[in-house]
Structure formats: C-alpha cells, structure tokens
Amino acid sequence: MWEYTDKVQEHFINPKNVGELDKPSGTGEVGSLACGDALKLTIQVDELGIITDAKFKTFGCASAIASSSVLTEIIKGMSIEDAAKLTNQQIADALGGLPKEKMHCSVMGREALEAAIADYRGVILPMAQGNVVCECFGVTDLEIIRAIRESNLRSVEDITNFTKAGGGCGKCEDKLREILQQTVQAMATEKASQPKTQRLTTLQKIKKIEDVIEREILPTLKKDGGGIELIDVDGDIVTVSLRGACSRCQSSLTTLKDYVEKKLREQVAETLIVEEAR
Amino acid sequence: MMSNGKVVYMDNNATTRIAPEVLEAMQPYLTEYYGNPSSMHTFGGQVGRAVETARAQVAELLGAEPSEIIFTSCGTESDSTAILSALQTYPDKRHVIKTKVEHPAVKNLCENLDKLTGQQHRITRLGVAADGTLNLDSYKAALADDTAVVSAMWANNETGVLFPVEEMAAMAKERGILFHSDAVQAVGKVPINMKKNQIDFLSLSGHKLHAPKGIGVLYVRKKTPFVTFLHGGHQEKGRRGGTENVASIVGLGKACELAGKMMAEENTRVRALRDKLEHGLLSSIPKAILNGHAELRLPNTSNISFEYVEGEAILLHMNRHNICASSGSACTSGSLEPSHVLRAMGVPFTAAHGSIRFSLSIYNTEEEVDFVLAKMPEIIANLRAMSPFWQG
Ligand SMILES: Cc1ncc(COP(=O)(O)O)c(C=O)c1O
Ligand code: FES
C-alpha cells in the first residue's frame, strides 16, 4: 500500500472542482486510457488574464485525482503568467509530498495546465513536437529532457518515476540512458561556463549559514511551532537539529531537504548538503 | 463499515487468516515442545513425530505418499526448487515451457535462468485465450526433444482460471519431459489426487489455506529424479537442508486436514457466495466485465473489470468501508502497466486498469456479500463521474 499524506487522502476522498466548464477559455487534455491515467482540465480566464475558475476530470489512481484537485485549487485566482510558471514540485508540495513512484501524477497536472494555457493563448506546445522516445507511454525526448533538467533526475528509474517513460516494455531504456547522459553532460558544461561564484572561506561559510538560518529559516519554522539549531559545518555537510514541532513532524525530512537545504543552497553555496543530527 | 465493525476480507488469494484450529495445534510447538526433531533425545524425538504426522496430513489431502512431501519455506521456494532440479537432471536439455500467466515465482525465475545458471535457455511462453484458458494444441506443438521441464499453474491467482495440468502432464510424460505445477491457489479449493495424474512436481503454500505464512511444500513424485536446492543438514532426507519450521509444519498439516473436510463447503457455500457477489455486481453496475472463464475456475475467485475507472482508486474507496480486495491495475502493482495476466488475455486497456479481484474463503458470510453489493455501485459511479472517458 502506498503511503499517502493526509492531504492526498483528503483531495482524493473529497476532490475539489470536479467537472467540466461550459465555455472554457482553455482546455488541456493529457494522458490516455492505455497509460492508466488521464486528465482533462478546463480553465476560465477573465479579461485581466486571471484564472477565475478551473475544473477537472481525471481517470487514474488516488494521487492522480488528488494532484488534479489540488491543481485546480492552486491556480484559481492566479494570473496566466504565474500559472505558466507552476512546477510539478509545487503541486506535489501542496499535497505534502507524493511517493516518488507517483511523481508522474504531479507532472501530469502541470502538463495539463500547460496544455490548457497553450489552448487559451492559441499556441502549440513545443513539448508535443518532440520525437516520441517511449512508445508505451508516448513520451517525447523534449519532455524527458525537461524533466531531467527541472527535477535534477539522475537515473533511468528517476525518469520513469517522473515521466513514466521506460515503465512498460523497457525497450526504450537504452535511449533514455543516452538522453540522460547527454542532458547531464550539457548541464555540467553550462554550469562550468557560468561565472564561478567566489569561493568562501570556512569561516565566511559558517557565518553566512548562521545568518540565513537566523534571518529566514528560523522565523518560518517558528510559525509552525518548530525551531532549528546549527550543530556543525564540515566541508559541504551542514548538520542541524530540528526542534519543537518540526522534530516530531513526519515530514521533517521534507522540511530539511526541501526547505532548509534549498534556502542554504540558494543563498550560500549550491553544493551544500543538509543533514539532521542523530 | 459493517455494523459489527469487522473488516470484510475478500482477498484470500493474497493470503488467508490462520484457522483457529491451526493456531491451537501450533501453540505447543512454539512453547513447550521446542526440541529439535533431529535430536537423539525423546524431547526432540516427539517433535519429529509431530512433523511426520503433518507430513501424513499433507499427503492425505494430495493423495500422495508421505515420502513424496518435502517441507519448504514457501511456495516460491517450492517453484524454484522444482524447476532448477529438473534442469539439473537434464543438463543437455535447455528448453523450458511455461505459460504467460504464471505467478512471478515461476515467471521471474524463468526470466533469470540464463543469469542464474550461466547457460543459455530457450523459453516458450504459452499464450492464453481471451477467457484465460490454455490451448492444448499450441502446448503440444511446443513440446520438443530438448524440453527439460514444463511449468504450468493449476489455477491462476488473479482470475482463478484452471489449466488442464493433468492432461498436460500426461502429454509431457510421453515425451520424457518433467512436469511441474504451481498449485498454490488450487490446493484446498479443488480436489487434487496425485495418484490419478503424472505430475512430477507440485508446489503449495501454507498461507493460502489458513496456515501461517512462510511454510510451503514441494511434492516430488516417488520415481522422479530430484536435485536438492538448499544443501545443508540431512533434514527432509537430505532433500532440503535447514532445521524444520516445526510449528508451521504442524499448522500446515492441520490446515490440510481441515481443507479436506471443508472442500465440499468451498465448492458449495463459498461458490454460491461468490456467484451471488459476481452476478450482483455485473447486474447492478453497467460496463462491468468478468475476466476469465466463467466455469473453468476456482470456486472462490471473481475478477471483474469496471471500465473507465482505475483500480487503485476503487480499492482505496473500498478500503474506507473496510472491504479488502486486490486489483490488477498498474498503480497497485508498483509498476506502470496492468497485470501481465490480464495483458496476456488481451483485456482492453479500458478494462485492465479497473480490474478488481474478489477472493473469498469459508470465513465469508452472506451478510458481507450483501454489504459489498450495497457499496460498490456508488463507488464506481462516483469515480466514473470524475472520469473524462465516461459518457454516462
Ligand atoms: C500461484 C502462486 N504461486 C506462488 C505463490 C508464492 O507463494 P509464497 O508467497 O508462499 O512464496 C503465490 C502466492 O503469492 C501464488 O499465488
Ligand atoms: S517503449 Fe518505453 S517502456 Fe516500452
């Protein structure tokens, strides 16, 4: 049995905005019966470019239904510009996370949204123009490359979890491996050609970490009744200890990786790894 | 939830509850009688006698000789042991025949034979018809001079469909080919008499017939050559090393005795409950399709597809009412494709993703069937109302 968060259960049992809008400004349809999940999203956009209403119909498992439901909640009231920037991670986060094998459900949500926005704008999505690499699930090279880049995928299994490609007959695995290699390499070269950020001394690094924790991380965690203490910095390994509500919280690992680590990487150094003190 | 608050357990092909009589028989061997059956002292010796009683009970249910019964750790071990034994018996024969709908215990062993043995094998995977039955002509055509072993299940775990394994074994025998049948789902549900057939190896598993998990049996016909899988001590006459799982063996013996007594009930009362459930679901829910042959089938199993909805979603809604069943949908299998059994039958995708397997046991009641019949139509209707493919 999958470990679903309460949020997933909630949206699965009482999904919001089920149905189809009468005269939608945009419609996005992704997936198919053969694939085992499919989503039809309809959106209403007003003259100011704000999404005023959204409805969905989904064929699929609990996490597909929950992802669709939470997606409609997120985008209602959003401008089209902001909605176009929505990532699948934001959909997963809004559900308190998804099992990694189910991440493709959040990807399906984002794809349906993009398709609906493209329909509203009257343009054709570039993703659909790629070459189909995985025939079993009709996934194109462009979709795969994008998933690798956006979600930092590092294995064929990751690709399958996020896009389903490779999850059927397995015939496309070599091709997936090739795309993965090329994309990872391309990403590395791009990074190397970027201007190097100045290297920090250990002392500067610790100071900066302390500063970010004090200024940004601690206040946020405190809002949820939690806290955090910096224990040690050893090279790129930052050891912290979560306090209060956070330490007992089931999602403490998510807090650590998705929030604390992300913040420190953004503001101190890309290479930092945050771990919890045992 | 049922008014008595109990779970409605209709997932007996996955595993069964331990019968109270079985637990009672086991208890002394988990407490006072902890001796090693191989020991010289009386204290251990009496435990050894309990193992032999259990062996006789298992043999009785199968119409076998006690000496033909080897206790193993599970159905999976029995399957592996049989197939690998046959291949070692005939080192020059590298052809294996199995069906496309075998349990992973056989399927994945066969897919990995080359890696495992360092030798090349030719595997014939027999297809099935749309109703899950096997075509004997294609089977006959597949039998070859280099065929070492055939492995075909007695009853399929997902659909309950029965294969004519006795006939198949006779055909194999004519060509000097060893025959294995995975009877894990059949034992206790349909009569099996090894005196009346020529099957060489037969696997069964305790937890499918109200004994504990982690105990199995491999039947090996008296004159059939046998090569040990688990080398070790002289337990099981040197055919399977490892100190006996005494309590579970005793439990399995008792379970086999009970199964013999309950066989009639299984094929009358349980079958009637299954039929009531099946007819009720098929008539009250539109676009519901039975998977598998309606007659050539275990009496306890019903596999039904609800078109245009997905199995995991159905199961989770059933779970909210404390109803337990299984699905062949992709999402429940942890893979991304629906069950290999339904695919081999050519069940269309509109249906394969929405398949639910109900598997009953003697512990199910009519009240439970009525409860499930009362809940299912609404669950399916609600999910369909959400499905982009449903034109209701
Ligand atoms: C047909 C069949 N064969 C083999 C097995 C494996 O048995 P065990 O779980 O005892 O290894 C099962 C049960 O899962 C089964 O249904
Ligand atoms: S082509 Fe990709 S899994 Fe079959």
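Using protein heavy atoms only (no ligands, DNA or RNA), what is the total accessible area buried between A and B, 1.4 Å probe, nearest 100 Å²?
Numbers: alone 15440 and 16500 Å², together 29790 Å².
For A against B, buried area totals roughly 2100 Å².
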For this session: Show me B:224-230, B:314-320 ranked by packing, highest mean number of other Cβ atoms within 10 Å first.
Result: B:314-320, B:224-230
For this session: Calculate, for segment B:253-390, the solvent-accessible area per residue in square angstrom, rolling a 1.4 angstrom probe over the heavy atoms of the protein chains.
Result: 34 Å²
Seminar exercise, completed: Counting other chain Cβ atoms within 10 Å of each Cβ in B:307-317 and taking the mean gives 5
Seminar exercise, completed: Summing -39500 (n - 2.57) over every DSSP H run of at least 4 residues in chain B and dividing by its residue count gives a helix-only mean residue ellipticity at 222 nm, to the nearest 500 deg cm²/dmol, of -12000 deg cm²/dmol
Exercise. Which helices count as membrane-span-like in chain B under these terms: full DSSP H, at least 27 Å along the axis by C-alpha, Kyte-Doolittle mean of -0.5 or more?
Worked result: B:42-62, B:246-265, B:366-386
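Please list A:Glu29, B:Glu21 in order of solvent-accessible area, largest first, computed with a 1.4 Å probe with all protein chains present.
Per-residue accessible area, sorted high to low, gives A:Glu29, B:Glu21.
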Exercise. Which of the residues in segment A:122-165 show a loss of at least 20 Å² in accessible area from their chain by itself to the complete set of protein chains, at a probe of 1.4 Å?
Worked result: A:Phe137
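Starting with the highest mean, order A:231-237, B:57-63, B:296-302 by the number of other Cβ atoms within 10 Å, averaged over the residues of each peptide. If you can, show how the numbers build up before the last one.
Numbers: A:231-237: 12.0, B:57-63: 20.7, B:296-302: 23.9.
Packing proxy ranking, top to bottom: B:296-302, B:57-63, A:231-237.
For segment B:185-245, what relative contact order do you get, as a whole percent, if you take Cα pairs closer than 8 Å and at least 6 residues apart? Mind showing how you got there, number by number?
Numbers: 69 pairs, mean separation 12.4, N = 61.
Computed value for segment B:185-245: 20 percent relative contact order.
Taking the Cα centre of segment A:54-154 as origin, work out the dipole magnitude from +1 charges on Lys and Arg Cβ and -1 charges on Asp and Glu Cβ, in debye rounded to 20. Don't skip to the end; give the middle numbers.
Working: 11 positive and 12 negative charges, 33 e Å.
The dipole magnitude comes to about 160 debye.
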Exercise. For B:Ser78, what accessible area in Å² do you get when you roll a 1.4 Å probe over the heavy atoms of the protein chains, rounding to the nearest 10?
Worked result: 0 Å²
Exercise. Which angle between 0 and 90 degrees, to the nearest 10, do you get for helix A:103-121 versus the longest principal axis of chain A when only C-alpha atoms count?
Worked result: 60 degrees
Problem set entry | Residue-averaged [θ]222 nm for chain A, counting only DSSP H segments that reach four residues, each worth -39500 (n - 2.57) | -12500 deg cm²/dmol
Problem set entry | Accessible surface of the protein assembly as shown, 1.4 Å probe, proportion on carbon and sulfur as whole % | 51 percent
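Are there any GluC sites (Glu not before Pro) in segment A:42-104 that are in a DSSP loop and have at most 15 other Cβ atoms within 10 Å? List them by number. Let's see the in-between values first.
On the way: sites: A:Glu47, A:Glu73, A:Glu81, A:Glu101; in loops: A:Glu47.
Taking segment A:42-104 and a limit of 15 other Cβ atoms within 10 Å, the loop GluC sites (Glu not before Pro) found are A:Glu47.
Compare the peptides B:262-271, B:185-194 by average per-residue count of other Cβ atoms within 10 angstrom and give them in order, highest first. If you can, show how the numbers build up before the last one.
On the way: B:262-271: 16.1, B:185-194: 22.3.
Descending packing order for the listed peptides: B:185-194, B:262-271.
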Exercise. How much accessible area does A:Arg177 have with a 1.4 Å probe, in Å² rounded to the nearest 10?
Worked result: 100 Å²
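Distance check, please: which entries in B:Lys93/B:Lys196; A:Lys85/A:Lys257; A:Lys16/A:Lys76; B:Lys195/B:Lys222; B:Lys196/B:Lys254; A:Lys102/A:Lys263 exceed 20 angstrom between their Cα atoms? All intermediate terms of the calculation are to be shown ahead of the outcome.
Details: B:Lys93/B:Lys196 27 Å; A:Lys85/A:Lys257 22 Å; A:Lys16/A:Lys76 11 Å; B:Lys195/B:Lys222 11 Å; B:Lys196/B:Lys254 24 Å; A:Lys102/A:Lys263 25 Å.
In this structure, B:Lys93/B:Lys196; A:Lys85/A:Lys257; B:Lys196/B:Lys254; A:Lys102/A:Lys263 lie more than 20 Å apart at Cα.
State to the nearest 20 debye the size of the charge dipole of segment B:178-288 about its Cα centre, where the only charges are +1 on K and R beta carbons and -1 on D and E beta carbons.
That gives segment B:178-288 a dipole magnitude of about 200 debye.
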For this session: Working with all protein chains in place, sort B:His121, B:His234, B:His95, B:His321 by solvent-accessible area computed with a 1.4 Å probe, largest first.
Result: B:His234, B:His321, B:His121, B:His95
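What is the magnitude of the charge dipole of the protein assembly as shown about its Cα centre, with +1 placed on the Cβ of each Lys and Arg, -1 on the Cβ of each Asp and Glu, and no other charges, expressed in debye to the nearest 20?
Values: 74 positive and 84 negative charges, 201 e Å.
With Lys and Arg at +1 and Asp and Glu at -1, about 960 debye.
The values are calculated or read from the model by the stated rules, or taken from the named source; none is laboratory data. Everything numeric here is computed off the predicted structure, so don't read it as measured data. Heads up, the Cβs are rebuilt from the backbone with ideal geometry, glycines too, and the neighbour counts pull from every protein chain shown. Quick note on the areas: whole protein, heavy atoms, side chains included, nothing else; ligands and nucleic acids left out. Shrake-Rupley method; radii C 1.70, N 1.55, O 1.52, S 1.80 Å.
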